[in-house]
1. Restricting attention to segment 342-370, which residues are surrounded by fewer than 24 Cβ atoms within 10 Å (Cβ to Cβ) and of a type in the set (Val, Ile, Thr)?
2. Any idea how many residues of segment 154-193 are more than 10 Å from the ligand (Cβ to nearest atom), part of a loop (DSSP other than H, G, I, E, B) and in contact with a Phe, Trp or Tyr (Cβ under 8 Å, 6 or more places away or on another chain)?
3. Could you check segment 33-85 and list, in sequence order, the residues that are in contact with a Ser or Thr (Cβ under 9 Å, 6 or more places away or on another chain) and of a type in the set (Lys, Arg)?
4. Out of Ser476, Ser561, Ser549, Ser508, report the one residue that is touching a strand residue (DSSP E or B) at 6+ places or on another chain (Cβ under 8 Å) and closer than 30 Å to Asp212 by Cβ.
5. Could you tell me whether Gly196 is more than 16 Å from the ligand (Cβ to nearest atom), over 30 Å from His266 (Cα atoms) and not charged (D, E, K, R)?
6. Scan segment 136-145 for residues that are in contact with a helix residue (DSSP H, G or I) (Cβ under 6 Å, 6 or more places away or on another chain), more than 10 Å from the ligand (Cβ to nearest atom) and either part of a loop (DSSP other than H, G, I, E, B) or of a type in the set (Gly, Ala, Ser) (or both) and jot them down.
7. So is Leu436 surrounded by fewer than 21 Cβ atoms within 10 Å (Cβ to Cβ), touching a residue at least 60 places away in the same chain (Cβ under 8 Å) and farther than 29 Å from Val287 by Cα or not?
8. Quickly run through segment 534-563 and pick out the residues that are more than 18 Å from Leu11 (Cα to Cα) and of a type in the set (D, E, K, R).
Amino acid sequence: MTTPMSASLALPLPCAPIPRRLTAPPAGWTTDADVIVVGSGIAGLTCALRLREQVGRVLLVTKTVLSAGSTAWAQGGIAAALDPDDSPEDHLQDTLVAGVGLCDVDAVRALVTEGPDRVRELVSLGAEFDRADDGEIKLTREGGHHRDRIAHAGGDATGAEISRALIEALRRVQEDPGIEVIEHALVVDLLTAADGAACGVTLHVIGEGQVDGVGAAFARAVVLATGGLGQIYTSTTNPPVATGDGMAAALRAGARITDLEFVQFHPTVLFLGEGSTGQQPLISEAVRGEGAFLVDDAGRRFMQGEHPLADLAPRDVVARAILRVMREQDRDHVWLDARHLGADFLAERFPSIVARCRELGFDPATQLLPVAPAQHYASGGVETDLVGRSSIDGLYACGECACTGVHGANRLASNSLLEGLVFAHRIADDIAARILDGTLPLREAARGRDGADLLDAHHRLGLQRAMTRGSGPVRSGEALGETMAVLNELAALPPSVAEPGPPSWETSNLLHLGQVLTLLASRREETRGGHVRLDHPDQDDERWLVRQSVDVGPDGIPMMSERPADGKGRA
Ligand SMILES: Cc1cc2nc3c(=O)[nH]c(=O)nc-3n(C[C@H](O)[C@H](O)[C@H](O)COP(=O)(O)OP(=O)(O)OC[C@H]3O[C@@H](n4cnc5c(N)ncnc54)[C@H](O)[C@@H]3O)c2cc1C
């Protein structure tokens, strides 16, 4: 990958070294394939299915069961210019505006132009989207979109339907010797060859028979499709598997991580009380798309006059307005009013959301819903080019764990499922072509360094609290410094008794990504997209129309760099 980067930059805060690998027992078994795909969300499943049509042997591994991951939780839908009155160009413009000047325009162009065909292919594969009376796919609108272009399924169960269709497609070919699936297989680290290229993974399998415990899987190429890092914060819409494992493994192996400071906090997550941690129930933007609106404690519609799209402004704008109102009124939430939509409409259009609200004691047809922003999406991740290649040869990243540049400083609603779909195809085609032309040979793994101490899982909540306080939805130089001090303390704990295993591997992954996120956030002294600085409340295009990255050097010291962004779509 050739991206112009500036020279290495000084770190804005002292930061403990990041180890090059995690402590794990030696591999007790080995296997190999042409390509290893890690993760079974929309990105991993699509990539594995497409690869299977073109290469000899694909190995798909996933941390728990195939359906775990954010994909199955997606409610709103998938964005694509499917309406004859819409166009990829309009979709591109909306995406660039949401990304506030930091999108990679070529990546966005690939997304919006290939998106409609990829969605139609998903339909041919068996995904059943909601249809209008004329049989066409029903399209709705979400924040930041100027057109109705969101295809949805089961009302508000789009992700579950996409996941079902892809898993069924996989089951149809699972007997095929060209594809092997291992569930309950947690990838710990990447294996690299003497020339630095990726040549496999170490993984921990809870299984029976041969593949049980830690093993090593070798391949010509590895595709990370491990999703987001939501569990780095105290409250998130992401499921428990979202611990950033793939991003952290790539970071430790020396891959470039970019834009990690841009975290999307979804404005309308059901507020269940201060002590509520982990995955929280999302109230989809589509509810506002259908006419629900936000009010403060006094019943005032505070989004009016805040942005031309009012309640449907881009997510960062809405989240920021909510946080401001919460601060001004000293409250821990605002309210979402959907009562006027009526019980019948709400039950038909949003069956899962209504059912979940009722389970928790709220009736959206008769009550205001308490809502507050919570972590939702990582816009940054493993930097890739237009065919998903990372800065390490043989290592690809796809979906939420990747940073293709499509989202810039903030993801446009419903663009992430589409990103996984579009780039999974591009990656599969690139790998197949490279296997054919011989540029992805099987390589031998170089002897790894010793693993570093692990962070015991009982530190996870402390880490999440520190991240939420300093590197969360509202940041300041001082708070970021305090967060980094906590992370440094955790990194410097004396050799512990932490047992190598999923809980301590995941917690260590959260620590390593927390360090990078906090470094990037403290250096960016402005407010843009998902990055909000109270001490630098304005967007500064003169200085900060740049994208920041971190690479970990051989000694584990993070090295920062930046390069100019396209700047298109900035407000
Ligand atoms: C509640 C919610 C609602 C959303 N709504 C929408 C929406 O309406 N539209 C939209 O476009 N986007 C939406 N998103 C975002 C979108 O769902 C995700 O960005 C997208 O599904 C990510 O897909 P993915 O394949 O990259 O990752 P995921 O679907 O998260 O899959 C990651 C996979 O990797 C596996 N994995 C993780 N770590 C390891 C490891 N160490 N070893 C092996 N396997 C591992 C996981 O188990 C999982 O199978 C929503 C997200 C949430 C949480």
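1. Val354, Thr366
2. Summing the residues that are more than 10 Å from the ligand (Cβ to nearest atom), part of a loop (DSSP other than H, G, I, E, B) and in contact with a Phe, Trp or Tyr (Cβ under 8 Å, 6 or more places away or on another chain) in segment 154-193 gives 1.
3. Scanning segment 33-85 gives a single hit, Lys63.
4. Working: Ser476 fails: closer than 30 Å to Asp212 by Cβ; Ser561 fails: closer than 30 Å to Asp212 by Cβ; Ser549 fails: closer than 30 Å to Asp212 by Cβ.
The conditions single out Ser508.
5. Numbers: more than 16 Å from the ligand (Cβ to nearest atom): yes; over 30 Å from His266 (Cα atoms): yes; not charged (D, E, K, R): yes.
Here the answer is yes, as Gly196 does meet what is asked.
6. Of segment 136-145, the ones in contact with a helix residue (DSSP H, G or I) (Cβ under 6 Å, 6 or more places away or on another chain) are 140-145.
Then keep just the ones that are more than 10 Å from the ligand (Cβ to nearest atom); that gives 140-141, 143-145.
Listed by number, the residues that qualify are Arg141, Gly143, Gly144, His145.
7. On the way: surrounded by fewer than 21 Cβ atoms within 10 Å (Cβ to Cβ): yes; touching a residue at least 60 places away in the same chain (Cβ under 8 Å): no; farther than 29 Å from Val287 by Cα: yes.
So Leu436 does not fit the description; no.
8. So in segment 534-563, the residues more than 18 Å from Leu11 (Cα to Cα) come out as 534-542, 545.
The answer is Asp535, Asp538, Asp540, Asp541, Glu542.
The values are calculated or read from the model by the stated rules, or taken from the named source; none is laboratory data. Keep in mind the model is a prediction, meaning the values are calculated, not measured. Backbone-built Cβ (ideal geometry, glycine too); neighbour counts: all protein chains shown.
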